Each structure stands twice: as C-alpha cells, then as structure tokens.
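The values are calculated or read from the model by the stated rules, or taken from the named source; none is laboratory data. Since we're looking at a predicted model, the values are computed, not measured. In this analysis, Cβ positions are derived from the backbone assuming ideal geometry, glycine residues included, and neighbour counts consider all displayed protein chains. Ligands, DNA and RNA are excluded from the accessible area calculation, which covers all protein heavy atoms including side chains. Shrake-Rupley method; radii C 1.70, N 1.55, O 1.52, S 1.80 Å.
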Amino acid sequence: MRIGIDAREAFRSEPRGIGHYVQSLLRELPAVAPGDEFLLYHQLPQPAALTLGPNLRAVRADMPGGRFHLWERLQMPWRIRRDRLDVYHGTYNTLPPRWRAWPGAPMVLTLHDVIVTWWPDDLGDPFVRYARAVTPRALRDAALVLTVSEWSRRDISARFQCDPARIRVVHNGLHADMLGGAPPGAGEQARARFAEGRPYLFAIGGALERKNTGRLLEAWGHVRRQRPDWPHLLLVSGLGKATDRFRERAAAAGALDHVRFLPYLSQQDLIATYAGAALSVYPSLVEGWGLPVCESLALGTPVLTSDRSAMPEAGGEHARYFDPDSAEAMAAALVDAVERWVPQWPGVRAAAMRRARGFTWRAAAEGVLAAYRDAAAQR
C-alpha cells in the first residue's frame, strides 16, 4: 500500500504530544510494514534529529497559511488523489475535506481526544476554533477512528453520536529509552543538576489551564506551610514562554523559593529527572490518556495524579489519585504520598514497572497498521 500520514507535528524541532506520537509510529512502521510506502506530509524543514526509514518519504507542503490550515483544507484533498494513496492518516485530530464527486482514498483519523471541542477555556487559540469547526465533519469522513483510551472512545461516541464500532482504541506506547530505564547514576545527577542535591517532586507542566499547573503550585504552597522543614523541592518543566506567569503564581502561593522551573527537557534529561524524583505529580483536569503517568511508572517512580478522565486507566492500581479541583485535597495527597506511600513503594515497584512497560510503540504501530488495512479494504 501507499499510505499518506499527516506528519506536521513530527517535523518540529521540539515536538510535544502529537509530535511524539507521530515520530514514535514512524520509528516502528518500517519494521511492521516493510512492503508498504509511507508519504509524510509536513510544512517545516526536516530536523536533524528526525531520521526516516527506507520506505518513508517526506513530502513538504508548499502552500503558505499554516496558521489557517490552508494546506490541509485546499492542497491536501488534491494531493491525496495526485499521489495515488491507498489510505490517508490524519494524526492532528483533523482530516482534509472529502470531495464528494472524487472522494479519493479512505481516511483514518486519530482523535487523541475531543477535549478542545467542549472544554470552556482556551477559546482564543486558533486551533481550538478550527477543531470545533471541523471535528464533526472529520468524524463523518473517516473510515475508521483511532483513539488512545477507553475513556476517550466513550467521550467521542457520546458527544458526536459516532458508532462505537467505528472507534478503535490503540494505546500510546512508551519511548524505547523509557522502556530501557534510566542509566546508572542518572537520578543522582538530576538531583545535583536541578535540585541542589535535595530530594524533589517532579511535574510536567502545561500553560493551558486544564493542565492545572497553577493549582499544583497553590497546593505546594499549602504543603510548605504544613511542612516548613521539608527538604523537598518541586520541579516543573515544559512551561516555555509562560514560565514567568507561573513564577508569579508560585510567589502568590508562598512557594517560589521551593519551586524550580526547568526548560524543555531532552529525552535523556527527562528520563533522569523522573528517575531522580521521590514522586512525580500529574495534576491535569482532563486528558485523553496520561502518558506522563505511564512514563513515571515505567521508570520506577511513584506517581500521584488526577482521579478524572483517562488518568486512572493509565495508572491502574499502581498510581495514587486526588481531586484535581481542590488545592487542599491535592496538598493532603502530596503529604500522604511522601510520608506514607513512597516508603512502601519498593514492595510494588517491580509490578508497576511491568504493567507500564507493556505499553509499547511496536504494539501501537501494529494496531495502526491493522486500521490502515481495514480502511483500505472499504475502498
């Protein structure tokens, strides 16, 4: 088969969620489908760190207007037909419009979740407005829909009256480096480098309000007032240009002296930071999956997370949970976890690691490939 993939996010120099999803599939697909050809549609120059397998070919879109998705809306319907694709995979929660007179190849849609279509915040984001406009149409046009959790599958079906039989769950996997574990001494090096040698808790932050980083800082302020002699720091990564705004929130919570804001972390640094943490925290209000929960457990670090949406599905019985709407509840859970649960963690650590390491990108790629074959058979 000749398969087209929306690879726009994989070509970013600092990819995040969807970019990591696509890059991870691209690493595995040549092995599980050596006889197929993959055309990777993108807009940005190919970063040096992105190596493509022998049956992967980059196809750069030459139409301007990326912010308004013009290349997807105007150019891709034509390119799908011109390039004689057998199947097209929309990975960005969207699909190109289908021409009724000349429908072209069947399309597979990955909807990591549909949170942006109903979450009340972030309405000023251009992508949020775009997703709200096109998601109903993309669901109608898709031959098959892939999503990353049973919670997300139920949410998509209920909100868009989509037949559950058309929605398949293919769990995200963990990067091979995560599955391999942290190198010896990496955790100690992270403590020395980022935390002045002190014990720390680690949280992957996010500027969006639903990531709940602000409430975590508020909760950390409560913890510091309850336990002023604690040596622990809170390390927060991934806030980028919004870091100054969250510094102000940490200061307002009385916690700034006990918080360290980290820059974008490389895979190597991320693994070391997880490994060095006494506990990781993922306070998001709603997620389609909850990859950081699995990452922490796979590296043997206990994780405390929200009791909402897909986080319990990601963490299972090996994570601990709190009410993410309450800073006080979050603070109580943090204290209880550090003082009571973490000391007991060695007894369940091996079982937690085994479960988390069962989520592999090879299994994900096999599930995605099966969807390609089934979609192509509908042509």
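What to note about this one:
- No other residue among Asp125, Asp113 is over 23 Å from Ala377 (Cβ atoms), acidic (Asp, Glu) and without any contact (Cβ under 8 Å) to a residue 12 or more places away in the chain apart from Asp125.
- Any hit, the stretch 335-343, residues being among the small types (Gly, Ala, Ser), in contact with a strand residue (DSSP E or B) (Cβ under 6 Å, 6 or more places away or on another chain) and at negative phi: yes
- Close Cβ contacts (under 8 Å, 6 or more residues apart or on different chains) running from residues in the stretch 333-357 that are under 18 Å from Tyr200 (Cα atoms) to residues that are in a helix (DSSP H, G or I) comprise Leu334/Ala219; Leu334/Trp220; Leu334/Val223; Val335/Val223; Val335/Gln226.
- Criterion violated by Cys162 - all others in (1) part of a helix (DSSP H, G or I); (2) open to solvent by less than 60 Å² (accessible area, probe 1.4 Å) satisfied: (1)
- For Gly316: the one exception among (1) in contact with a Lys or Arg (Cβ under 7 Å, 6 or more places away or on another chain); (2) open to solvent by less than 10 Å² (accessible area, probe 1.4 Å): (2)
- Counting only residues that are open to solvent by 20 Å² or more (accessible area, probe 1.4 Å) and without any contact (Cβ under 8 Å) to a residue 60 or more places away in the chain, the stretch 194-223 holds 4 of them.
- Qualifying residues in the stretch 168-185 (those that are among the aliphatic types (A, V, I, L, M) and open to solvent by 20 Å² or more (accessible area, probe 1.4 Å)) - the one nearest to Leu369 (Cα to Cα): Val170
- Matching residues in the stretch 37-64 - criterion: being open to solvent by 80 Å² or more (accessible area, probe 1.4 Å) and assigned to a strand (DSSP E or B): Arg57, Arg60
- Looking at Asp155, Asp177, just one residue is among the acidic types (Asp, Glu), under 21 Å from the mean Cα position of the chain (by Cα) and farther than 26 Å from Ala133 by Cα, and that residue is Asp177.
- For the stretch 72-109, a residue qualifies if it is of a type in the set (Phe, Trp, Tyr), farther than 17 Å from Thr135 by Cα and either in contact with a Pro (Cβ under 7 Å, 6 or more places away or on another chain) or touching a residue at least 12 places away in the same chain (Cβ under 8 Å) (or both), and exactly one does: Trp102.
- Scanning the stretch 195-221 for residues that are part of a helix (DSSP H, G or I) and over 22 Å from Cys294 (Cβ atoms) returns Glu209, Gly214, Arg215, Leu217, Glu218, Ala219, Trp220, Gly221.
- Restricting attention to the stretch 1-29 and to residues that are out of contact with any Asp or Glu (no Cβ under 9 Å at 6 or more places or on another chain) and under 19 Å from Ala364 (Cα atoms), the residue that is most open to solvent (accessible area, probe 1.4 Å) turns out to be Arg27.
- Residue check: Glu188 meets all listed conditions (1) without any contact (Cβ under 8 Å) to a residue 40 or more places away in the chain; (2) part of a helix (DSSP H, G or I); (3) open to solvent by 20 Å² or more (accessible area, probe 1.4 Å) but one, namely (1).
- Only one of the listed residues (Asp374, Asp307) is open to solvent by 50 Å² or more (accessible area, probe 1.4 Å), more than 18 Å from the chain's Cα centre (by Cα), farther than 28 Å from Gly197 by Cβ and among the acidic types (Asp, Glu). That residue is Asp374.
- Looking only at the stretch 123-138, residues that are part of a helix (DSSP H, G or I) and either open to solvent by less than 60 Å² (accessible area, probe 1.4 Å) or among the aliphatic types (A, V, I, L, M) (or both) come to 11 in all.
- Some residue of the stretch 243-254 being more than 24 Å from the chain's Cα centre (by Cα) and among the β-branched types (Val, Ile, Thr): no
A quick yes/no check of all residues on (1) polar (S, T, N, Q); (2) part of a helix (DSSP H, G or I):
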residue: Val223; (1), (2): no, yes
residue: Pro231; (1), (2): no, no
residue: Lys241; (1), (2): no, yes
residue: Arg245; (1), (2): no, yes
residue: Glu248; (1), (2): no, yes
residue: Ala251; (1), (2): no, yes
residue: Phe261; (1), (2): no, no
residue: Tyr264; (1), (2): no, no
residue: Gln268; (1), (2): yes, yes
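- Residues that are over 25 Å from Leu174 (Cβ atoms) and open to solvent by 10 Å² or more (accessible area, probe 1.4 Å), drawn from the stretch 319-332: Asp323, Asp325, Ser326, Glu328, Ala329, Ala332
- Scanning the stretch 108-122 for residues that are under 21 Å from Gln43 (Cβ atoms) and surrounded by fewer than 23 Cβ atoms within 10 Å (Cβ to Cβ), we see that the one that is nearest to the chain's Cα centre (by Cα) is His112.
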